[in-house]
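Structure record follows, encoded as structure tokens.
The values are calculated or read from the model by the stated rules, or taken from the named source; none is laboratory data. Computed from a predicted model, the values in this text were never measured in an experiment. Neighbour counts run over all protein chains shown; Cβ positions are idealised from the backbone, glycine included. SASA here: full protein model, heavy atoms, side chains in, ligands and nucleic acids out. Shrake-Rupley method; radii C 1.70, N 1.55, O 1.52, S 1.80 Å.
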Amino acid sequence: MTLYRLLLRVFPRRFRERFGDDMTATFEARRRDARSRGAWATIALWIRTVIDMTRHGSGERWQFVSEFVQDVRFALRLFRRRPGISAVVVVMLALGIGVNVAIFSVINGVLLRDVSLPHPEQLVRVGETDANDRTPEQFNAGNYLDVQRETRDAFQALAAYRVVPAATLTGVGDAVKAGTMAVRPEFFDVLGVAPAMGRPLTAADLDTSSRPVVISDGFWRGKLGSDPRVIGRRIELDSEAWTVVGVLANGAEYPAGYDLWKPLLFSAADLAHRNGWDLSVIGRLRASVTVDQASAALQRAMDLVAVSHPSPQPRSAAALSLREDATAYVRHDLWFVQGVAMLILLIACANLGNLLLATATARHQEFGVRTAIGASRGRLIRQMLAESLAVSTIGGSIGAALAFLLVPALIAAYPGDLPGRERISVSGLELLGAVGAIVLTSVVFGLAPALLASRTRLTHALRASAGGGTSQVARWLRSGLVTAEVVMTLSLLAGAGLLMKSFVTLTAQPVGFDARNVLTAYLQVPTPRFPTAPERLRVFENLIDRLAQEPDVESVASTLPLPFDGSGRGAGLRWDPAFGQTGFPLVAERFVSPQYADVLSVPLLSGRFISNADRADAPLVAVVNEAFVRQYGNARNVIGMRVARRADASPWITIVGVVADVRATYLQRPRPEMLFPLAQTALTAGTFVIKTRSSPAQFAQRVRALAHDAYPNVPLGRIEPLSHIVGDSVAQRRFNMSLLAALASLALLLSAIGIYGVMAYAVTQRRREMGIRMALGAQPSQVESLVIRQGLMPIALGIAGGLAGAWFLTALLKKELFEIQPHDPSTLITATLLFFVVGLAACWLPARRSARVNPVEVLRAD
Amino acid sequence: MLPPQSFLPLKPVAFQILMSLADGECHGYAITQDIARRTSAAMRVEPGNLYRFLKELLDNRLIEETNRRDDDERRRYYRLTTLGRKVASAETERLAALVTEARGKKWLRGKA
């Protein structure tokens with residue numbers, strides 16, 4: 001009897017409590033009967049009982065599982081019935097959900113998660129603004145100190161910092177570069193995080209000769225071997241001894257990617273010069289102060305500055321939430337892409353809805369029969385919902401898996417800097433989104449067909465034999481879904497078309513130089529090792545000479561800045577009174593060696609270019625570009641005119657030549673620019689441009705080796721062909737364009753499949769009608785055009801709606817467009833034609849099949 | 001009370017149980033014996049299975065427990081409810097209609 005008790009335990013406890021005694025009594029009765037029939041009967045009883053109890057006990061316990069299995073098995077019949085279409089729908093949903101989850105993961109990582117500093121809502125970027133742009137830019141030291149003093153009510157702390165050339169760490173293994181910032185001591189108050197070890201920089205560090213430095217957690221672990229006694233340790237940076245005073249906590253680095261924080265010192269000249277801007281400023285608001293209130297306080301402070309230091313162009317200042325600032329330039333793109341991805345999902349859903357509608361209608365008869373044998377309407381709806389749920393679950397699971405692959409690919413393909421990219425992952429919230437999408441698609445797009453199909457009247461279904469009636473509502477719904485797909489797809493096509501046209505227009509512009517076979521190599525000369533300008537010039541000239549001797553090299557020069565590398569320098573000019581110009585224009589500056597124009601094939605228009613004779617001790621000269629002549633030349637010959645680089649008493653510089661314009665980026669029109677001889681400036685950095693006879697990329701190693709031979713302790717920065725740099729400058733646009741083009745193609749494919757599916761189904765449904773028409777004398781071509789005409793109706797409606805949709809969608813792209821209007825007619829027409837051709841093809845294939853119907857066969861089938 | 005139609009179609013075992021209870025109250029063992037006898041042992045309902053069906057029928061109020069006790073105190077007796085009777089009757093009609101329809105297909109050998 002113990003054994004039986006044991007077997008009873010297979011049943012759930014509540015079942016056992018309810019029926020256990022009764023079952024035991026029954027078993028005892030059976031055993032008595034069996035005993036009377038002999039040992040074999042008893043054994044047989046036991047065997048049967050063990051099997052029965054384990055099977056049904058576990059069955060009772062796991063009933064919900066078996067019900068689920070049953071439902072799924074039932075739902076999968078949809079697959080077996082139409083494997084091709086089901087697979088297509090699954091793939092479509094997988095793509096739709098995968099793309100959405102992936103993009104949402106990126107958005108969640110970049111836009112929705114917080115900066116990992118305490119009270120990130122209090123952090124703001126602060127900067128001077130000018131009259132027509134309220135975006136905070138940089139500060140100068142004098143204004144910064146004044147403003148800091150006047151805004152203590154609004155800010156807990158306001159800190160200026162400047163990214164300085166990466167420091168080279170020596171004395172610990174190989175020389176390595178480390179991202180370095182010079183910061184005011186308040187910087188650490190703004191961060192609001194105490195160092196993990198040691199202390200932050202303090203005001204006392206500003207006037208000490210001990211060179212204190214705070215290092216990052218990563219630098220401490222990676223470069224200093226997690227030295228536990230690192231506080232007070234001396235490290236050699238750019239050949240100077242610096243003392244580590246603190247180690248920042250992991251994750252408290254701001255901006256991410258920097259390793260060293262040195263004190264930012266202001267010289268007397270820095271403080272006096274209020275006409276240049278080179279300081280970034282971040283602040284921490286007081287608890288009750290809003291960003292707008294802080295901006296107002298900053299403006300008042302700048303008004304005071306304007307009184308104490310009058311300037312021809314008074315400026316203001318403003319604050320911007322750091323959270324917004326960090327993501328401002330990607331936010332628009334990301335949400336736009338997410339919106340596009342949603343459209344893809346909707347198109348996939350429309351196709352799912354159509355498939356379910358088609359199968360539901362095809363199963364009128366089955367449902368009729370099932371109703372006849374007693375299935376309730378609710379039961380049929382549940383079954384259809386289970387089917388749509390099965391399809392979307394399979395599609396969604398594949399999609400979620402796809403997202404795991406897509407996210408790294410998206411991040412890798414994204415050309416710009418994605419803030420917080422290390423936080424981007426597919427995790428709980430994103431997968432929850434996927435589940436939400438699955439449930440939503442299956443319920444919304446499964447319910448309508450289910451409701452429709454379950455309305456089947458028994459008599460109606462049984463009367464309408466195969467190929468017979470399709471309900472009017474179902475037909476409308478199918479056409480409606482096709483129309484909706486067309487609207488969405490056409491909008492996307494128009495958007496993608498605009499971006500492509502804009503990109504082509506942009507990159508087709510002449511840049512003003514020849515980037516072919518030009519290799520670039522950035523050099524930062526460490527000032528501690530080469531403190532004087534002549535010493536640094538010797539480094540540049542020596543390397544230029546060595547490179548020029550290489551047989552593969554045609555010519556070599558150095559330039560700062562390099563066109564298209566995103567950097568730029570400007571200076572306020574003072575005119576020679578004789579020139580008849582007034583004001584202090586800001587012009588772009590470029591510092592070049594004499595071969596610059598040769599290497600980049602920049603044509604000289606008049607006068608002469610900078611030559612080897614323009615040494616430091618020779619008269620100061622400059623060359624200007626066409627834009628300079630256009631803007632300031634006043635139809636006079638600028639050659640021979642004199643300017644000074646600052647409003648103060650800097651020496652006069654004589655303009656000796658005019659060169660053609662060189663673009664700094666594709667986007668900017670060439671601006672007035674002055675080119676100065678490298679030999680007459682005190683530069684610490686520049687980029688070598690090397691015209692090679694063969695492929696420049698192959699020469700990179702040689703350049704690095706040469707530089708290392710000459711100056712082992714002066715590592716070259718990145719070495720890259722100029723054509724890559726030019727390409728990279730529009731990488732963001734190319735990425736946006738490619739992404740939208742890919743998504744639009746996906747949408748086009750999905751809608752083509754959707755239209756084809758609906759048409760193919762309609763044709764199958766109407767075989768009998770077509771057969772009769774042909775039996776009555778209709779030509780195959782007439783039947784074909786009838787089908788196509790009817791198929792094109794919802795497409796034509798969709799195109800009309802799509803043009804309206806495109807009108808709204810493309811308006812969102814305005815910011816991305818270069819020299820074309822969002823409602824560019826030729827793009828809209830092209831997109832429409834493209835869609836029309838695809839739609840026509842999707843209709844024509846099934847139509848051709850209907851024209852091949854053999855009337856005799858069809859009619860005999862009845 | 002749910003309409004009898006909503007329980008259709010009944011599973012064969014459930015229908016057999018209702019049939020066994022048609023003539024009066026029975027305990028579990030008696031039901032299995034009755035089913036085996038009526039189906040000439042073609043359908044053998046083992047107790048584990050039987051009690052799962054009894055539970056479902058009890059939960060749906062198609063049958064109920066009685067107060068009757070015999071010499072074995074643990075043994076329970078079950079009987080049909082009004083609903084159970086109606087469901088059994090509806091199921092019989094459904095099956096009859098089905099059989100009538102099938103008869104039209106001349107599937108009943110030698111008895112058409």
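For A:L265 and A:T764, the difference between the fully extended length at 0.36 nm per residue and the C-alpha to C-alpha distance is 171.4 nm. A Förster distance of 60 Å, applied to the separation of the beta-carbon atoms of A:Q472 and A:A39, puts the FRET efficiency at 0.25.
Taking label points 7 Å from Cα along the Cα-to-Cβ direction, B:E65 and A:D728 give a separation of 8.1 nm. Cross-link reach is defined here as a Cα-Cα straight distance under 17 Å, omitting same-chain residues fewer than 8 places apart; for B:K11 the lysines meeting it are B:K55, B:K86. Put A:W844, A:W277 in order of accessible area, highest first, and with a 1.4 Å probe you get A:W844, A:W277. Measuring from a point 7 Å past the Cα of A:R538 along Cα-to-C-beta, which residues in the stretch A:678-706 have an amide N at less than 17 Å? The answer is A:679-684. With all protein chains in place and ligands, DNA and RNA left out, the 1.4 Å accessible area ranks A:S745, B:S20 as A:S745, B:S20, largest first. Using the 1.4 Å probe convention, the accessible area of chain A works out to 46 Å² per residue with neighbouring protein chains retained. When peptides A:519-525, A:198-204 are sorted by average Cβ neighbour count within 10 Å, with the highest value leading, the order is A:519-525, A:198-204. Taking label points 7 Å from Cα along the Cα-to-Cβ direction, A:I47 and A:S425 give a separation of 5.5 nm. Over the protein assembly as shown, the pair-distance histogram of Cα-Cα distances with 20 Å bins from zero comes to 10, 27, 26, 19, 13, 5, 0 percent, rounded to whole numbers. In the stretch A:522-637, the portion of solvent-accessible area held by carbon and sulfur atoms comes to 51 percent [1.4 Å probe, whole percent, DNA, RNA and ligands not counted]. Just tell me which aspartates and glutamates come within less than 15 Å, Cα to Cα, of A:K814; anything on the same chain fewer than 8 places away is out. Leaving aside aspartates and glutamates fewer than 8 places away in the same chain, those within reach of A:K814 are A:D333, A:D824. Peptide A:25-36 shows a mean partner chain C-beta count of 4 within 10 Å per residue C-beta. Segment A:E324..A:E137, full-extension length gain: 65.8 nm, with 0.36 nm per residue of separation and the alpha-carbon distance subtracted.
Using the Cβ-Cβ distance between A:S308 and A:L451 with R0 = 60 Å, the FRET efficiency computed as 1/(1 + (r/R0)^6) comes to roughly 0.20. Counted by Cβ distance under 15 Å from A:V482, the other residues give a net charge of +2, where Lys and Arg count +1 and Asp and Glu count -1. The distance from the alpha carbon centre of the stretch A:183-228 to that of the stretch B:1-53 is 83 Å, rounded to a whole number. Extension gain, A:L586 to A:A203, is 134.4 nm, computed as 0.36 nm per intervening residue step minus the present C-alpha separation.
Per the accessible-area calculation with a 1.4 Å probe, the total area buried between chain A and chain B rounds to 2200 Å². Taking the alpha-carbon distance from A:K815 and a cut-off under 22 Å, which lysines remain once sequence neighbours fewer than 8 residues away in the same chain are dropped? The qualifying lysines are A:K501. Once backbone amide H atoms are built at 1.01 Å from N, A:V164 has A:T180, A:M181, A:A182 as its partners under 5 Å, excluding neighbours fewer than 5 places away on the same chain.
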